[in-house]
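The values are calculated or read from the model by the stated rules, or taken from the named source; none is laboratory data. What you see is a predicted model, and the numbers here were worked out from it, not measured in a lab. Using ideal geometry, Cβ is built from the backbone for each residue, glycine included, and neighbour counts are taken over all protein chains shown.
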């Protein structure tokens, strides 16, 4: 097993929303539908069994007509603190682990999103394929969803 630091890509962000809303937007299908995919695309939630051992599977239709499938199994859930899941994003990324950490900071939420890869080489390849742009834009959309929830 190689050094964890060299196999992990991480994005840290502070959302201007209380932790319960960030948790809800991250875990509830009606909100996931609004931020999981790039602008102008739609996601379908095939399965969303939010419990340890539960499976999740989302698909999105690509402009060329092919399907992009995201799926995994929840390994650990500590409410309002941590979610750990296996993940495959076929055809681009397979056999990674996602660790998502939530920490209340007054009426804001500190958020740490890490993806752990099998090898440092695979991690570097994923970074070069646009990890930070892709997930960064998804988290920007999540921020907009949170603003909408707060306003309602």
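A few points about this structure:
- The set of residues from the range 1-27 being farther than 30 Å from residue 122 by Cβ and either surrounded by fewer than 17 Cβ atoms within 10 Å (Cβ to Cβ) or in contact with a helix residue (DSSP H, G or I) (Cβ under 8 Å, 6 or more places away or on another chain) (or both) comprises 16, 17, 20, 21, 24.
- Where residue 94 falls short, out of the listed (1) touching a residue at least 40 places away in the same chain (Cβ under 8 Å); (2) in a strand (DSSP E or B): (1)
- Residues that are under 16 Å from residue 131 (Cβ atoms) and in contact with a helix residue (DSSP H, G or I) (Cβ under 9 Å, 6 or more places away or on another chain), drawn from the range 95-104: 95, 96, 100
- All conditions but one from (1) at pLDDT below 90; (2) under 21 Å from residue 22 (Cα atoms); (3) touching a strand residue (DSSP E or B) at 6+ places or on another chain (Cβ under 6 Å) apply to residue 85; the one that does not is (1).
- Checked across the range 114-137, the condition of being in a strand (DSSP E or B) and without any contact (Cβ under 8 Å) to a residue 60 or more places away in the chain holds for no residue.
- Answer from 109, 148 - the residue that is assigned to a strand (DSSP E or B) and either within 28 Å of residue 18 (Cβ to Cβ) or touching a strand residue (DSSP E or B) at 6+ places or on another chain (Cβ under 7 Å) (or both): 109
- In the condition set (1) under 13 Å from the mean Cα position of the chain (by Cα); (2) closer than 21 Å to residue 44 by Cα, residue 91 is compliant with all but (1).
- Scan of the range 1-27 for residues that are within 18 Å of residue 136 (Cβ to Cβ) and assigned to a helix (DSSP H, G or I), ordered by number: 22, 25, 26
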